[in-house]
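The values are calculated or read from the model by the stated rules, or taken from the named source; none is laboratory data. Everything numeric here is computed off the predicted structure, so don't read it as measured data. Reconstructed Cβ throughout: ideal geometry from the backbone, glycine too, with neighbour counts over all protein chains shown. Quick note on the areas: whole protein, heavy atoms, side chains included, nothing else; ligands and nucleic acids left out. Shrake-Rupley method; radii C 1.70, N 1.55, O 1.52, S 1.80 Å.
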Amino acid sequence: ECRKRLQERLTHLRSAASELGVKLNMSGTHPFQRWTDLKIFPNPRFEQLIKKFQWLARRLTVYGAHIQIGVANGEQAIAVSNHVIQYLPHLLALSASSPYWEGLDTGLQSCRIGILESFPISGLPYYFPDWSGFEDYCATLLNIGAIESIKDIYWFVRPRPDLGTLEFRICDGMPTLTETVAVAALTQALVVWITEGLKDGSRKKEVSMRRYWIAPENQWTATRDGLDGMLIIDEGGRRRKISEDLLELIETLRPTARKLNSEEELLYVKQMICHGSSAARQVVKGPRPPPSSRPEPRR
């Protein structure tokens, strides 16, 4: 159903683009555009963001795939968010597609993440013991004027009370519909698997704070190295390749995906690992030319 609806929209979009004489592509950043050359659409929300964040907002020309997964209630949203933090690097590494910024190779698989993390309320979410703790947090930020709504919290995963979902914002925009649907299937199966584990007791409700201490390092590893990154898998510092951990996770999630009728989509993640991420496919192999010999990015 997800693929069908997206395909219909893409067909209309490609038709409109064709009339303008352009072709469409998707990645986490435009590889050579200069944000200083772009005009900002006169929208009240955009104008408010520019006023508040200035230069940070003006350079926010990044493109993500936001995945909304329905949850039963706020308590479930917080519980799943607390547990899923350890899998955010997997989703980023798999979807990474932004190695370039203004025509330069950044040395990162996802420079989009670095741009997003420059905002005050962004990046990895805080730990909350329950839904009331999250409500208190939002109420405080609203009272002091730090945010106007939940939409002003730019975490990589956040509850969306207005939609009844847990919103994953970690992924770069991916170049094909098949890749996008595969990552959506992985995300959905992950949420359902965690939820079922919390219900039947196979997964502890309490989350070790050490997992949160480790999370930024794992996030950075995925940002820089993508699927080849070496993930910290325990508090003793043992590491494992993200791609290997993903392959094991897929097998763990297969029974859940089968019940969701998305096993075929989930298994395509294996093909993505085999072919390499969009970022890995974009980067030119071999020595990088010196900056002076690089062509001026087209505008």
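Looking only at the range 39-63, count how many residues are in a loop (DSSP other than H, G, I, E, B) and either in contact (Cβ under 8 Å) with a residue 60 or more places away in the chain or open to solvent by 90 Å² or more (accessible area, probe 1.4 Å) (or both).
Taking the range 39-63 first, the residues in a loop (DSSP other than H, G, I, E, B) are 39-43, 54, 59-61, 63.
Filter once more, keeping what is either in contact (Cβ under 8 Å) with a residue 60 or more places away in the chain or open to solvent by 90 Å² or more (accessible area, probe 1.4 Å) (or both): 39, 41-42, 54, 63.
Number satisfying all stated conditions: 5.
Suppose we filter the range 248-286 for residues that are within 19 Å of the chain's Cα centre (by Cα) and among the aliphatic types (A, V, I, L, M); how many remain? First the steps, then the outcome.
Just the residues of the range 248-286 that are within 19 Å of the chain's Cα centre (by Cα), to begin with: 249-250, 265-266, 268-270, 272-273, 276-282.
Narrowing further to those that are among the aliphatic types (A, V, I, L, M): 249-250, 266, 269, 272-273, 279-280.
Selection size over the range 248-286: 8.
Can you name the number of the only condition in (1) farther than 15 Å from SER81 by Cβ; (2) assigned to a helix (DSSP H, G or I); (3) not polar (S, T, N, Q) that GLY236 fails?
Every condition holds for GLY236 apart from (2).
Restricted to the range 181-233, and to residues that are more than 17 Å from the chain's Cα centre (by Cα) and of a type in the set (Val, Ile, Thr), which residue is most open to solvent (accessible area, probe 1.4 Å)?
Ranking the qualifying residues of the range 181-233, first place goes to ILE233.
Give the residue, chosen from ALA146, ALA139, that is farther than 15 Å from VAL84 by Cα, over 14 Å from the mean Cα position of the chain (by Cα) and not in a helix (DSSP H, G or I). Give the steps one after another, and end with the answer.
Working: ALA139 fails: not in a helix (DSSP H, G or I).
So the residue among ALA146, ALA139 that is farther than 15 Å from VAL84 by Cα, over 14 Å from the mean Cα position of the chain (by Cα) and not in a helix (DSSP H, G or I) is ALA146.
Would you be able to tell me the number of residues in the range 174-227 that are touching a strand residue (DSSP E or B) at 6+ places or on another chain (Cβ under 7 Å), within 24 Å of GLY276 (Cβ to Cβ) and in a helix (DSSP H, G or I)? Outline the logic, then answer.
Step one: of the range 174-227, the residues touching a strand residue (DSSP E or B) at 6+ places or on another chain (Cβ under 7 Å) are 174, 180, 183-184, 187-188, 191, 214, 217-218, 221, 223.
Going one step further and asking which of them are within 24 Å of GLY276 (Cβ to Cβ), we end up with 174, 180, 183-184, 187-188, 217-218, 221, 223.
Remaining after also requiring in a helix (DSSP H, G or I): 180, 183-184, 187-188, 217-218, 221, 223.
Summing the residues that are touching a strand residue (DSSP E or B) at 6+ places or on another chain (Cβ under 7 Å), within 24 Å of GLY276 (Cβ to Cβ) and in a helix (DSSP H, G or I) in the range 174-227 gives 9.
When you go through (1) at pLDDT below 95; (2) more than 19 Å from ILE121 (Cβ to Cβ) one by one for GLN188, which number turns out not to apply?
Only one criterion is unmet by GLN188, namely (1).
Scan the range 160-178 for residues that are open to solvent by less than 20 Å² (accessible area, probe 1.4 Å) and touching a Ser or Thr at 6+ places or on another chain (Cβ under 7 Å) and report the count.
Our first condition is that a residue be open to solvent by less than 20 Å² (accessible area, probe 1.4 Å); within the range 160-178, this holds for 165-168, 170-174.
Cutting the leftovers down to touching a Ser or Thr at 6+ places or on another chain (Cβ under 7 Å) gives us 166, 168, 171-174.
Selection size over the range 160-178: 6.
Mind checking which residues of the range 10-36 are assigned to a helix (DSSP H, G or I), surrounded by 10 or more Cβ atoms within 10 Å (Cβ to Cβ) and charged (D, E, K, R)?
Within the range 10-36, just ARG14 meets the criteria.
Output the residues belonging to the range 216-236 that are of a type in the set (Asp, Glu) and closer than 16 Å to SER110 by Cα. Break it down into steps so the answer makes sense when it comes.
First, the residues of the range 216-236 that are of a type in the set (Asp, Glu): 217, 225, 228, 234-235.
Matches in the range 216-236: GLU217, ASP225, ASP228.
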